């Protein structure tokens, strides 16, 4: 018995029609009919009775239907279990995280986890914060890390880290001596865009009434390294996560100013769908993040 023929039998009995079963199986009706006929011939048993309105199972067909459902369910479970492994056969965990977490925290975190659990591979996918909980809820990621003011619905979230965004300016800029300031005090200068919450409109909603003037955006630059390089060339100021800004400030000779606005401090969350349903390797990563949450959080200037 081949799996496709069993799938056709199950579909025909559930749909009460060979044509409907063929449509469900994405094949022509004649091919579905041939599959059933060949199965009946090989087993020397009538499985379906045809009539003008469709098909009904014989007692033998009903028995095989129940066995086939069990077989197909076990095959699906086996395939699902295999998806927890990489092509090399090594167990892996699907981790989705936003760019800020990837660039500031996850290199050292994943390194420490890999030293603790050398047999487990972490497959890391970058996603926007608003997409990460959906990826986890839909089963496309085992563990997720995202920024948000509050935990996202549909997943179980725990605090992971707090970080800050800072203002990056060229060395010798008139604001450099301030050390710290609200963003409002820098609005007379041009900015290089890619703001917290990504789009300017969403950032302005986040900032609320802390800004009384529009922001002049000279260019939209998503890559923080490119953004900092353009700051060095005097093309504008930039808002950059502090942990990332420190790396480029040393490399490019930039100055970092602390933003005193409340929105400049951000909460990162680590989330899963259901801890009890995690594959063993994903559970190891989930508990690792919970153990290390809050360490070296990058929230201090």
| message | To test your reading of the geometry: what angle, between 0 and 90 degrees and rounded to tens, separates the Cα axis of helix 280-292 from the longest principal axis of the chain? | response | 20 degrees
| request: Report the extension gain between residue 226 and residue 63 in nm, rounded to one decimal, defined as 0.36 nm multiplied by the number of residues separating them, less their alpha carbon distance. | output: 52.2 nm
| task | Evaluate the Kirkwood expression for the hydrodynamic radius of the chain, namely the inverse of the mean inverse distance over all pairs of different C-alpha atoms, and round to one decimal in Å. | result | 23.3 Å
| query | Going by alpha carbons, how many degrees (0 to 90, nearest 10) lie between the helix axis of 106-116 and the longest principal axis of the chain? | reply | 60 degrees
| Highest-fluctuation residue, 28, 155, 143 considered, GNM on the chain with Cα pairs under 10 Å | 28
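If packing is taken as the average number of other Cβ atoms within 10 Å across a peptide's residues, how do 279-288, 112-121 rank, most packed first?
Values: 279-288: 18.3, 112-121: 13.1.
In descending order of packing, they fall as 279-288, 112-121.
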| Once the principal axes of the Cα atoms of the stretch 3-82 are found, what is the range along each, listed largest first in whole angstroms? | 42, 25, 20
| Choice from 56, 217, 270 showing the highest fluctuation, given a GNM over the chain with Cα pairs closer than 10 Å | 56
| field | Shape category assigned to the stretch 119-166 from the gyration tensor of Cα positions, a/c cut at 1.5 | value | oblate
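Among 159-169, 17-27, how do they line up from the highest to the lowest mean number of other beta-carbon atoms within 10 Å?
On the way: 159-169: 22.7, 17-27: 17.5.
Packing order, densest peptide first, comes out as 159-169, 17-27.
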| In what sequence do 142, 185 fall when counting other Cβ within 10 Å, fewest first? | 185, 142
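Mind giving me the FRET efficiency for residue 204 and residue 115? R0 is 45 Å, r the Cβ-Cβ distance, nearest 0.05 is fine.
Values: r = 43 Å, r/R0 = 0.96.
Once the sixth-power term is evaluated, E becomes 0.55.
Could you work out [θ]222 nm for the chain from helices alone, using -39500 (n - 2.57) per DSSP H run of at least four and dividing by all its residues? Round to the nearest 500 deg cm²/dmol. Provide the component values of the computation, followed by the final result.
Numbers: 11 runs with 123 residues, N = 301.
So the calculated ellipticity at 222 nm is -12500 deg cm²/dmol.
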| Quick one: length gained pulling residue 150 to residue 189 fully straight, 0.36 nm per residue minus the C-alpha distance? | 10.8 nm
| said: Just want to confirm a number: the relative contact order over the stretch 1-111, from Cα pairs under 8 angstrom separated by 6+ residues, in percent. | reply: 20 percent
| Where does each of 273, 42, 232 land when they are ranked from fewest to most other beta-carbon atoms within 10 angstrom? | 42, 232, 273
| note | Between the Cα axis of helix 3-15 and the main Cα principal axis of the chain, the angle (0 to 90°, nearest 10) is 80 degrees
| query | With contacts defined as alpha carbon pairs under 8 Å and 6 or more residues apart, what's the relative contact order of the stretch 200-262 in percent? | reply | 26 percent
| task | Rank the residues 227, 53 as a footprinting-exposure proxy: fewest other Cβ atoms within 10 Å of their Cβ go first. | result | 53, 227
| note | Among beta bridges assigned by DSSP with both residues in the chain, the antiparallel ones amount in percent, to the nearest 5, to 65 percent
| said: How far apart, in nanometres, would the label points at residue 265 and residue 128 be if each is projected 7 angstrom from Cα along the Cα-to-Cβ direction? | reply: 2.7 nm
| request: Only Cα pairs under 8 Å and at least 6 apart count here; give the relative contact order of the chain as a rounded whole percent. | output: 20 percent
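Note down the Stokes-Einstein diffusion coefficient of the stretch 162-265 in µm²/s, whole number, using a Kirkwood radius over alpha carbon pairs, 4 °C, and 1.567 mPa s. All intermediate terms of the calculation are to be shown ahead of the outcome.
Working: Rh = 13.4 Å.
So the translational diffusion coefficient is about 97 µm²/s.
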| What is the list of residues in the stretch 46-67 whose amide nitrogen lies under 15 Å from a point 7 angstrom out from the Cα of residue 29, following Cα to Cβ? | 50-56
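Rule-based calculations on the coordinates, nothing more; no lab input. In this text, all values refer to a predicted model and were calculated from it rather than measured experimentally. As a convention, Cβ positions derive from the backbone with ideal geometry for all residues, glycine included, and neighbour counts pool all protein chains shown.
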